[in-house]
2 protein chains.
Amino acid sequence: MNDQLQSVERWGRFELVLHGLSTGNPFQEVQLSAKFQYKNKVVEPDGFYDGEGRYRIRFMPGQIGRWRYETRSNRPELDGITGEFDCVEPSSGNHGPVRVQNKYYFAYEDGTRYLPFGTTCYHWTHLGNEELEEHTLQTLANSPFNKVRMCLLPTRDMKPPALAFAGTCPEDTDKTRFNPDFFAHLERRIEDLQQLGIEADLILYHPYDKGHWGFDNMDEETDRFYLRYVIARLAAYRNVWWSLSNEYDFNKFKTVAEWDQLIQYVQRYDPYQHLRSIHNGTKMYKTSTLYDFTKPWITHQSIQHWDAELTSVWRETAPKPIVIDEISYEGNSSRRWGNISGEEMTHRFWEGFSRGGFVAHGESFIDRETRAWISFGGKIYGECMERIAFLRRIIEEAPEDWIASAGEGQYKLMYFGRHQHAYKMVELGKDTEFRIEIIDCWNMTITPVEGIYRGITKVKLPGRPYMALRLTRV
Amino acid sequence: MNDQLQSVERWGRFELVLHGLSTGNPFQEVQLSAKFQYKNKVVEPDGFYDGEGRYRIRFMPGQIGRWRYETRSNRPELDGITGEFDCVEPSSGNHGPVRVQNKYYFAYEDGTRYLPFGTTCYHWTHLGNEELEEHTLQTLANSPFNKVRMCLLPTRDMKPPALAFAGTCPEDTDKTRFNPDFFAHLERRIEDLQQLGIEADLILYHPYDKGHWGFDNMDEETDRFYLRYVIARLAAYRNVWWSLSNEYDFNKFKTVAEWDQLIQYVQRYDPYQHLRSIHNGTKMYKTSTLYDFTKPWITHQSIQHWDAELTSVWRETAPKPIVIDEISYEGNSSRRWGNISGEEMTHRFWEGFSRGGFVAHGESFIDRETRAWISFGGKIYGECMERIAFLRRIIEEAPEDWIASAGEGQYKLMYFGRHQHAYKMVELGKDTEFRIEIIDCWNMTITPVEGIYRGITKVKLPGRPYMALRLTRV
């Protein structure tokens, strides 16, 4: 009789709950994992202690069929437990985790194209303000954004009601234990994002601690203890990405070699090989002093730079997707990074996307009802968001590799930025016919040029900045 | 009796006209110069053949007093002619030639500050269109511009009624003779500019010939023959600068070493040591591949680059004035260099000047009554010109070395470009008092902040781009 057998959709989450020891420090003392097997495919995720004598093992099955499992533990009551479940077809909207595809691009595991249009809300889950979090989710639901960068650890300025580690203030923080309630809340929000089709680009470290909590300066053993717990809890969520650190180079306690070891540690323990990168913070001046993204444990280039034109350079530097996760924020902050206009932000998006990169959004208005979207979410006030939505529709209509298609004479997105041509000479193939559309990137209009064209063609333009041409082979 | 003795104002022009041989090729065959002496100061400019048996020797006296001269020639009728004239106080508006002053800046020889606000009309004197030339002068008279870049040689596309050399088309051009009428016309226009207080930044070569006239590919002897004639005719005009070439690196016939020799040749034969530079054309991508302006024969950095932020880098690279002679043009041309908006042009001016450089203007609208100011002059249609006039007033009110004054805590011009701060924290000296003014660079307003400030001061800003602060010590 199999009618009571649990079924889990492909890339959904199977969860085994066990009960055991609650004395001592189970976070450290209890080892737990399970071997999940389907035919000759074996995956062995770690379990984790969830407080109050409760242990969980989470698993994201990647193949449809009957999976069997058997636990392993250094505690006899948790060891050797077996069972099985059926992995079934994914529901609509579940395309699996995002993978790199075709060098510079992304797709979900089921092959569906994924075009990152990211935004950033570093600590939107950290204030203990449910109303604000719901507001943030509502804002995201009505936005073009499908990736959010968010931190696991608090900054020095925050007094969060709960931490990833046990304790609530620097004095009583216990780095040998975790706070299951913090994670349960975070997991709920990661699931909320998943429901909205949004990837959670989880930032595992950041440099804004500066010794206050001490999370930026833990020893190697504690770092690994932390990362392994995070992976055990969160890796089974298909919409998770690992961003090892934000602005890693502003952290004075860790070397690049140490970061490399931590990234490789995540690579080793993540059973699903979620996307992995690390994000720079250096004030770059024209030339890039970035992390070497050709390193094999890095899946994509998570860049901070304010000049999207360099996208063309980075494509040469490393054959991996380019995600400019910070390009300045729209807003009116007094800080150097948070005060460009919506027009400028829209311009930078077009510059990056038209060169085959992905640019992410951020906003930092400091005198509005909810303050600083990049920090705590809330409402988005800026002018660029609807233009980004317009750009997203255009990129969705583009060929999968729109840069290669340009080379092959099939499709071309030409963006003119601040140039305001009266006309533009466009080189079309002699023997191929093209449709031409004039795009006003700021006013969000697409105006077809009447007729079909070939060869060198003069296209009249309105002499305004922020125009683009879309050339599509008939 | 000295009452008939000619008097010439200081930095004015003394001209001796002689008559001699008109057969053969006097341009090549007749050597002529004169030694001018005042006390122990001796200057010996070349004379030149002016056609129809007329020879001229021009001299710009730099000292007040009685000058004596004596000609030298290989022709007996031109040799050993003596005379004298009185050099008198300059008239108002005559401050002498422009010199480098205080490393990064300029002043006229009498010490009056000169702040270059340049523009470009490459061939405004070449069309034989007197009406258009008068129109151009009228436009300049009503502009903030006090320097014009202009060419001596035509491009391949032009059919000018007269050339510097004899002949009118490539087939009949004679590079062993010059056209005195061409020069007489040019000289009149240089004097017109002088009357308007405008420096003539004369471009001696350019690469837009490409073998059509062959002026870009002359042998060394012809190059020297040309340069020496140009110097003999034009060096006595105090408002002349020498720009050896426009976009020298687009000329495939000459090496940098050959350019260096030609610049040194000009240095050797120019009795007055007018400003000398050479202008690059390379399509630079973020890093600069410029001529090495530290070379001793170069007086200032005549740069083409579209990123005025690099001014700060170039100040480090060479301790010479930075004149960004091409930074793109306002307009709607289809070419890469001629289609930025007035807003963008204004922005680039502020970026360069606030960093201690000098930015020059150009305009290229292609569908207006007069076409392409940069090529032939006429009318200026763009929106940046009045903003440049506004900026000029602000720079004129600044200390002579406004960058050093910032370091000394006396004065500071802070430009925020595309940033739109709600406020800005400004560090003023603890023990010094400052006035603060908010400048809207686009709308051309200066709004004083009420009160006097010291120490770290929060300045409320309107949250718009293109704002600046002027901090002035009380």
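With respect to the stated conditions, B:G455 fails to be more than 14 Å from chain A (Cβ to nearest Cβ), surrounded by 15 or more Cβ atoms within 10 Å (Cβ to Cβ) and on the phi > 0 side of the Ramachandran plot.
Scanning the range B:355-365 for residues that are of a type in the set (F, W, Y) and either on the phi > 0 side of the Ramachandran plot or within 13 Å of chain A (Cβ to nearest Cβ) (or both) returns a single hit, B:F365.
Based on what the data block shows, is A:S341 within 8 Å of chain B (Cβ to nearest Cβ) and touching a residue at least 40 places away in the same chain (Cβ under 8 Å)? Here the answer is yes, as A:S341 does meet what is asked. Might you let me know whether the range B:141-151 holds any residue that is touching a Lys or Arg at 6+ places or on another chain (Cβ under 9 Å), of a type outside the set (F, W, Y), over 24 Å from B:Y329 (Cβ atoms) and modelled with pLDDT of 95 or more? No, the range B:141-151 contains no residue that is touching a Lys or Arg at 6+ places or on another chain (Cβ under 9 Å), of a type outside the set (F, W, Y), over 24 Å from B:Y329 (Cβ atoms) and modelled with pLDDT of 95 or more. Looking only at the range A:7-38, residues that are farther than 23 Å from A:A166 by Cα and touching a strand residue (DSSP E or B) at 6+ places or on another chain (Cβ under 7 Å) come to 13 in all. Of all residues in the range A:176-233, those satisfying the criterion of being among the hydroxyl-bearing types (S, T, Y) and under 22 Å from the mean Cα position of the chain (by Cα) are A:Y205, A:Y208, A:Y226, A:Y229.
Would you point out which residue out of A:D401, A:D431 is of a type in the set (D, E), surrounded by 16 or more Cβ atoms within 10 Å (Cβ to Cβ), more than 26 Å from B:Y329 (Cα to Cα) and more than 12 Å from chain B (Cβ to nearest Cβ)?
Values: A:D431 fails: surrounded by 16 or more Cβ atoms within 10 Å (Cβ to Cβ).
Residue meeting the stated conditions: A:D401.
For the range A:318-335, a residue qualifies if it is without any contact (Cβ under 8 Å) to a residue 40 or more places away in the chain and within 13 Å of chain B (Cβ to nearest Cβ), and the qualifying residues are A:I327, A:S328, A:N332, A:S333, A:S334, A:R335.
When each of B:S288, B:S334, B:S354, B:S312 is tested for being at pLDDT 95 or above and of a type in the set (S, T, N, Q), the lone residue that passes is B:S354.
Inspect all residues belonging to the range A:218-225 and state whether any of them is in a loop (DSSP other than H, G, I, E, B) and free of Cβ contacts under 8 Å to residues at least 12 places away in the same chain. Within the range A:218-225, one or more residues are in a loop (DSSP other than H, G, I, E, B) and free of Cβ contacts under 8 Å to residues at least 12 places away in the same chain.
Once the range A:404-417 is narrowed to residues that are buried (at least 18 other Cβ atoms within 10 Å of the Cβ) and in a loop (DSSP other than H, G, I, E, B), the residue that is nearest to the chain's Cα centre (by Cα) is A:G417.
Which strands (runs of 3 or more DSSP E) sit wholly inside the range A:56-172 and have at least 1 residues that are in contact (Cβ under 8 Å) with a residue 24 or more places away in the chain and out of contact with any Phe, Trp or Tyr (no Cβ under 9 Å at 6 or more places or on another chain)?
On the way: elements: A:65-73, A:82-88, A:98-101, A:105-108, A:118-120, A:147-151.
Of the strands (runs of 3 or more DSSP E) lying wholly inside the range A:56-172, those with at least 1 residues that are in contact (Cβ under 8 Å) with a residue 24 or more places away in the chain and out of contact with any Phe, Trp or Tyr (no Cβ under 9 Å at 6 or more places or on another chain) span A:65-73, A:82-88.
Here's the yes/no breakdown for (1) within 29 Å of A:A107 (Cα to Cα); (2) touching an Asp or Glu at 6+ places or on another chain (Cβ under 6 Å); (3) touching a residue at least 40 places away in the same chain (Cβ under 8 Å):
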residue	(1), (2), (3)
A:E400	yes, no, yes
A:E408	yes, no, no
A:K424	no, no, yes
A:T457	no, no, no
A:L461	no, no, yes
A:P465	no, no, yes
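Restricted to the range B:294-342, and to residues there that are of a type in the set (D, E) and not in a helix (DSSP H, G or I), the residue that is nearest to B:E383 (Cα to Cα) is B:E330.
When the range A:198-240 is filtered for residues that are closer than 21 Å to A:E15 by Cβ and of a type in the set (A, V, I, L, M, F, W, C), the ones remaining, listed by number, are A:A200, A:L202, A:L227, A:V230, A:I231, A:A232, A:L234, A:A235, A:A236, A:V240.
Okay, residues lined up against (1) within 14 Å of another protein chain (Cβ to nearest Cβ); (2) over 16 Å from B:W442 (Cα atoms); (3) outside any helix (DSSP H, G or I):
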position: B:W350; (1), (2), (3): no, no, no
position: B:F353; (1), (2), (3): no, no, no
position: B:D367; (1), (2), (3): yes, yes, yes
position: B:T370; (1), (2), (3): no, yes, yes
position: B:I374; (1), (2), (3): no, yes, no
position: B:Y381; (1), (2), (3): yes, yes, yes
position: B:E386; (1), (2), (3): no, no, no
position: B:R392; (1), (2), (3): no, no, no
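Which of the residues that make up the range A:163-211 are touching a Lys or Arg at 6+ places or on another chain (Cβ under 6 Å) and either exposed (fewer than 15 other Cβ atoms within 10 Å of the Cβ) or basic (K, R) (or both)? A:K210 - this is the single residue of the range A:163-211 that is touching a Lys or Arg at 6+ places or on another chain (Cβ under 6 Å) and either exposed (fewer than 15 other Cβ atoms within 10 Å of the Cβ) or basic (K, R) (or both). Take the conditions (1) under 11 Å from B:L471 (Cβ atoms); (2) more than 14 Å from chain A (Cβ to nearest Cβ); (3) within 39 Å of the chain's Cα centre (by Cα); B:V426 misses just one of them, which is (2). Please verify whether B:P161 is modelled with pLDDT under 95 and more than 20 Å from the chain's Cα centre (by Cα), treating the condition exactly as stated. Taking the combined requirement at face value, the residue satisfies it.
This table checks each residue for (1) part of a strand (DSSP E or B); (2) crowded, with 18+ Cβ neighbours inside 10 Å.
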| residue | (1), (2) |
| --- | --- |
| A:W11 | no, yes |
| A:L21 | no, no |
| A:F27 | no, yes |
| A:F36 | yes, yes |
| A:E52 | no, no |
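State whether one or more residues within the range B:83-97 are farther than 14 Å from B:R13 by Cα, of a type outside the set (G, A, S) and crowded, with 17+ Cβ neighbours inside 10 Å.
Taking every residue of the range B:83-97 in turn, none turns out to be farther than 14 Å from B:R13 by Cα, of a type outside the set (G, A, S) and crowded, with 17+ Cβ neighbours inside 10 Å.
B:E396 satisfies every condition listed in (1) part of a helix (DSSP H, G or I); (2) of a type outside the set (S, T, Y); (3) crowded, with 18+ Cβ neighbours inside 10 Å except (3). Looking at the structure I just gave you, is A:D110 acidic (D, E) and surrounded by 14 or more Cβ atoms within 10 Å (Cβ to Cβ)? Spelling it out, it is not the case that A:D110 is acidic (D, E) and surrounded by 14 or more Cβ atoms within 10 Å (Cβ to Cβ). For the range A:184-209, filtering for residues that are within 14 Å of A:I231 (Cα to Cα), outside any helix (DSSP H, G or I) and out of contact with any Ser or Thr (no Cβ under 9 Å at 6 or more places or on another chain) leaves 1. Looking only at residues in the range B:357-380 that are more than 30 Å from B:V313 (Cα to Cα) and among the β-branched types (V, I, T), the one that is modelled with the highest pLDDT is B:I380.
Restricting the search to the range B:414-423, which residues are out of contact with any Phe, Trp or Tyr (no Cβ under 6 Å at 6 or more places or on another chain) and away from chain A (no Cβ under 13 Å)? Walk me through how you get there before you give the answer.
Step one: list which residues in the range B:414-423 are out of contact with any Phe, Trp or Tyr (no Cβ under 6 Å at 6 or more places or on another chain), which gives B:414, B:416-423.
Answer for the range B:414-423, where residues must be out of contact with any Phe, Trp or Tyr (no Cβ under 6 Å at 6 or more places or on another chain) and away from chain A (no Cβ under 13 Å): there is none.
In the range A:308-317, which residue that is free of Cβ contacts under 8 Å to residues at least 40 places away in the same chain and of a type outside the set (V, I, T) is nearest to the other protein chains (Cβ to nearest Cβ)? Among those that are free of Cβ contacts under 8 Å to residues at least 40 places away in the same chain and of a type outside the set (V, I, T), it is A:L310.
For A:T125, are the conditions met, namely being under 29 Å from A:P97 (Cα atoms) and among the hydroxyl-bearing types (S, T, Y)? Against the criterion (under 29 Å from A:P97 (Cα atoms) and among the hydroxyl-bearing types (S, T, Y)), A:T125 qualifies.
Filtered by the rule that a residue be more than 12 Å from A:S302 (Cα to Cα), crowded, with 20+ Cβ neighbours inside 10 Å and not hydrophobic (A, V, I, L, M, F, W, C), the range A:315-342 gives A:S328, A:Y329, A:E330, A:G331, A:N332, A:S333, A:G338, A:N339, A:S341, A:G342.
The values are calculated or read from the model by the stated rules, or taken from the named source; none is laboratory data. Please read these numbers as outputs of a predicted model, since none were measured by experiment. Every residue, glycine among them, receives a Cβ derived from its backbone with ideal geometry; neighbour counts consider all protein chains shown.
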